[in-house]
Amino acid sequence: MSTNQENWPQSRGERWRNFLRQNQSEIVTVLALVFVGLTCFALGRLTASDFNSTLKFTPAALTSLVGEKTKKTVSENEPIRFVASKSGAKYHWPWCSFAERIKEENKIYFDTEQQAQADGYSRCGNFLSQAPMGFKEATQNAQK
């Protein structure tokens with residue numbers, strides 16, 4: 001009689017129980033890996049929310065972080081001269097990439113922005129983005 005019962009198809013529950021018993025170690029390993037992965041993800045999300053999205057820098061740190069080519073600082077002792085081309089219509093900062101492309105024999109120098117504007121030149125498109133730190137405030141106060 002026991003041989004007849006072995007030939008009968010197993011119920012769904014019995015098949016699952018047999019599968020779980022036979023693959024118990026693999027199932028535990030997979031569940032442990034999933035748990036560790038989810039735990040690491042959750043910890044990463046928790047620590048990321050602790051960081052403040054705004055960065056705070058001191059002025060000294062800003063000037064040291066900004067490279068020589070990216071930003072200049074305004075010094076009251078050091079006058080800044082503006083550069084234009086004889087054949088052009090725009091004036092530039094001396095460190096502007098457009099000013100660096102002008103041949104030396106074609107360069108015109110201005111001591112002030114007002115001198116360049118009086119001669120019919122206007123600001124280049126990169127003028128404000130290339131301006132040294134402190135320049136924007138100085139020009140806004142002068143224009144008011």
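Looking at 85, 75, 25, just one residue is among the hydroxyl-bearing types (Ser, Thr, Tyr) and modelled with pLDDT under 85, and that residue is 75.
Search region 89-114 for residues being part of a helix (DSSP H, G or I) and either in contact (Cβ under 8 Å) with a residue 12 or more places away in the chain or touching a helix residue (DSSP H, G or I) at 6+ places or on another chain (Cβ under 7 Å) (or both), and hand back the single one that is surrounded by the most Cβ atoms within 10 Å (Cβ to Cβ).
99
The values are calculated or read from the model by the stated rules, or taken from the named source; none is laboratory data. Everything numeric in this text was worked out from a predicted model, so none of it was measured. Note that each Cβ is placed from the backbone with ideal geometry, even for glycine, and that neighbours are counted across all protein chains shown.
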